[in-house]
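The block underneath contains the structure these notes are about, expressed in structure tokens.
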Amino acid sequence: MDNERLEEDFKKIILLKGIRNEKKYIEDAKNEKLYFTNAEVFRKMGREHKEDLFGDALEGYYIRPSKEKKNFLNIKKGQKDAYDKEYLAKIYTCMKEVYISSFFYIKIEEFKNNKIPESIINVFRNEFSDRKIAVFYGVQNLLDGLKRKYPNSFSWANYVLYQGIDEEPIYAEEAYDKDPRKGYRLKRKGLYENQREFRICFHKSSFSDKFIEENKNGFNLSYGYIGEGNISSVTILDDINDLKHITIEEKK
């Protein structure tokens, strides 16, 4: 992935995250913690609940190479992959246990008169109407905070791209084989394509086996104070309509 380009883009967005309206989750957000969910949880949700907006059975997979079924996939002798034959998709076994924290993103250039447009607020209303909203102003600050806390971690961040099952692949299969993290940049079009998703991913190798065993489905990670000047690490909004009052100025 083009890390330099991504890092430059990160300076031009803010992140919003839906928080369950329960004391524990709200306190965790206020205490500068993020919850990371095992990707297998999303795959299981997708398998069991076909219409689930947050679950995708192909989470992390390389989706549908442009090949006939008889020429299934670029399978190499001894290659350790899992396959979904229905959708001609694959995932490297070593990349199955990845933990994800997802956000809704807004580009600074989309602000109108320094405010979030009503059209974007409506999208958020449709997906997170029953939740509190956490607003993160400094994307790179957030990533740097996690890096300080977990300096030796195998982690990455990216936007999500949406690909139709019958469309030409966004990435060539060879590009995926070279960097299988790309599977976590892709989601199927359909139920998911209206989501404006940004995600931070941690591979399970970032943590001890004991920690993973005790927190198989997911865990909180602290990122520490990341605020600048009078701007706090995160702002918690009680109501989606409060997004109308969020303003931001791009740094010179």
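What follows draws every value from the coordinates through simple rules; no lab data is involved. Since this is a predicted model, take the numbers as computed values, not measurements. Note that each Cβ is placed from the backbone with ideal geometry, even for glycine, and that neighbours are counted across all protein chains shown.
One table, with the values for the structure above:
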{"quantity": "Distance violations [Cα-Cα > 31 Å] among K107/K210; K44/K132; K115/K216", "calculated": "K107/K210; K115/K216"}
{"quantity": "Over region 123-169, volume per residue of the alpha carbon convex hull, in Å³", "calculated": "157"}
{"quantity": "Calculated FRET value between K149 and E174, using beta carbons and R₀ = 30 Å, to 0.05", "calculated": "0.30"}
{"quantity": "Over region 143-234, relative contact order from alpha-carbon pairs under 8 Å, at least 6 apart, %", "calculated": "41"}
{"quantity": "Region 176-245 shape via C-alpha gyration tensor axes, a/c threshold 1.5", "calculated": "oblate"}
{"quantity": "Region 118-222: radius of gyration over Cα atoms, expressed as a fraction of 2.2 N^0.38 Å", "calculated": "1.28"}
{"quantity": "Mean Cβ count within 10 Å, highest first, over the residues of peptides 143-153, 177-187, 126-136", "calculated": "177-187, 126-136, 143-153"}
{"quantity": "Rough spin-label spacing in nm, given labels placed 7 Å along Cα→Cβ, for R20 and R125", "calculated": "2.6"}
{"quantity": "Protection proxy ranking of 17-23, 91-97 - average other beta-carbon atoms within 10 Å, highest first", "calculated": "91-97, 17-23"}
